[in-house]
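Okay, so here's the structure we're looking at.
The values are calculated or read from the model by the stated rules, or taken from the named source; none is laboratory data. Owing to the predicted nature of the structure, the values given are computational and were not obtained by experimental measurement. With ideal geometry, Cβ positions are generated from the backbone for all residues, glycine too; neighbour counts draw on all protein chains shown.
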């Protein structure tokens, strides 16, 4: 390895950086690391001389050869700084980290090494947690990367996705990662609002503006002053009101219903819809000029079926948030069953199913029986247990033969076996008792018949 001289001022800048930072050569080798990096990624072995992907990813090949984008390779190709979102191994487990790679040049303008800075993402977690956004799939990570890029700005954001994908949670996460985080986050449910109601809710009204207006009321635009205004179900805004919303966005001013004085607005706009807005524009159901005004930075929220691998961590996180589900877990048989379901209602449907299953479950493990609508008729014999029958036999005899087979192969933890079979431990005990009454152990559940 060729030793590269690092100027004192570069070492000083690296050392004083508050975030984990390293210097790299073109072969991904660590030339120097600051104290913050050593604290997060140090494992007792020297960091200098090791390759960055070995330290942070535990990979044996560069990130771009392992299915991720590599900021160093991209920076080397473009000569410009690059930012990506990665999953890094830390003492706390895997975490989402924003990685920024900057080329460092010599006096002749040649790239001599790269500085890489790591910033932990606050809006999401790769582990089950109380945070609103949990996941680790490529589709989820791409969404988080876009959120990270737009959050520090004041640009309008348009969230696109199916019902139940968590659009309000994403909007709130963008708000909390923005400079406006200390001011209000004000959601507006646009579905079902009539022209008059939409205008009075958004802009407020003066005393006497209409029958029943006994006093002045501030609108949600005013309530969001300094913060974020979230318009959910954007596609349901009445066409006649869209022009007033457009004027608000273009001029930054509005009037209360019944008022004459223009008021100054100060908010960041985030909108969401499950509808095809461009198609609505073509059909004349949505103003094109408004769409172009609010669609500055679109973010697609992936459906749950597009988030391969996220289901286990989502299930665990949601159980932590369900009051009567914190002491429960989903058994492997039930998880396999859930994994084969498409979830048209997405995360909202998953949470509802878990809440219901927790209420149906008397023990601490959720079984396929606790998800009857999804798991009915989907249980399969494990692949490693084959049975060939030459004659038609009664079903109860088939069950007895099958139980003898699995007991011979899986003598051990009967709780685990019951879980794999998709039944309760008590049910398994009773079936085994019927199979061989003389040698059956005491009922481990302690329940009386």
Here is a list of conditions, (1) in contact (Cβ under 8 Å) with a residue 12 or more places away in the chain; (2) within 27 Å of residue 15 (Cβ to Cβ); (3) touching a helix residue (DSSP H, G or I) at 6+ places or on another chain (Cβ under 9 Å), and residue 73 meets all of them except one; can you say which number that is?
(1)
Pick from region 275-302 the residues that are outside any helix (DSSP H, G or I) and in contact with a strand residue (DSSP E or B) (Cβ under 8 Å, 6 or more places away or on another chain): which of them is surrounded by the fewest Cβ atoms within 10 Å (Cβ to Cβ)?
296
How many of the residues making up region 234-264 are out of contact with any strand residue (DSSP E or B) (no Cβ under 6 Å at 6 or more places or on another chain) and assigned to a loop (DSSP other than H, G, I, E, B)?
7
For residue 350, only one of the following conditions fails: (1) modelled with pLDDT of 95 or more; (2) over 30 Å from residue 134 (Cα atoms). What is its number?
(2)
Which condition number does residue 101 fail, the rest of (1) crowded, with 17+ Cβ neighbours inside 10 Å; (2) in contact with a helix residue (DSSP H, G or I) (Cβ under 9 Å, 6 or more places away or on another chain); (3) at pLDDT below 95 being met?
(3)
Does at least one position in region 22-38 carry a residue that is buried (at least 20 other Cβ atoms within 10 Å of the Cβ), part of a helix (DSSP H, G or I) and modelled with pLDDT of 90 or more?
yes
Enumerated helices (runs of 4 or more DSSP H) restricted to region 154-225, each holding at least 1 residues that are farther than 26 Å from residue 291 by Cβ and touching a residue at least 40 places away in the same chain (Cβ under 8 Å):
167-176
Any residue at all in region 121-129 that's surrounded by fewer than 17 Cβ atoms within 10 Å (Cβ to Cβ) and farther than 16 Å from residue 18 by Cβ?
yes
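Listed here are the residues, each with its yes/no results for (1) under 25 Å from the mean Cα position of the chain (by Cα); (2) part of a loop (DSSP other than H, G, I, E, B); (3) closer than 22 Å to residue 173 by Cβ.
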{"position": "60", "(1), (2), (3)": "no, yes, no"}
{"position": "67", "(1), (2), (3)": "yes, yes, no"}
{"position": "73", "(1), (2), (3)": "no, no, no"}
{"position": "84", "(1), (2), (3)": "yes, no, yes"}
{"position": "94", "(1), (2), (3)": "yes, no, yes"}
{"position": "103", "(1), (2), (3)": "no, no, no"}
{"position": "108", "(1), (2), (3)": "no, yes, no"}
{"position": "114", "(1), (2), (3)": "no, no, no"}
{"position": "119", "(1), (2), (3)": "yes, no, yes"}
In region 373-430, which residues are modelled with pLDDT of 65 or more and part of a loop (DSSP other than H, G, I, E, B)?
376, 392, 393, 394, 410, 413, 422, 423, 424
Can we say residue 50 is out of contact with any strand residue (DSSP E or B) (no Cβ under 8 Å at 6 or more places or on another chain) and more than 27 Å from residue 149 (Cβ to Cβ)?
no
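Can residue 367 be described as closer than 19 Å to residue 134 by Cα, touching a helix residue (DSSP H, G or I) at 6+ places or on another chain (Cβ under 6 Å) and buried (at least 21 other Cβ atoms within 10 Å of the Cβ)?
For residue 367, the condition - closer than 19 Å to residue 134 by Cα, touching a helix residue (DSSP H, G or I) at 6+ places or on another chain (Cβ under 6 Å) and buried (at least 21 other Cβ atoms within 10 Å of the Cβ) - is not met.
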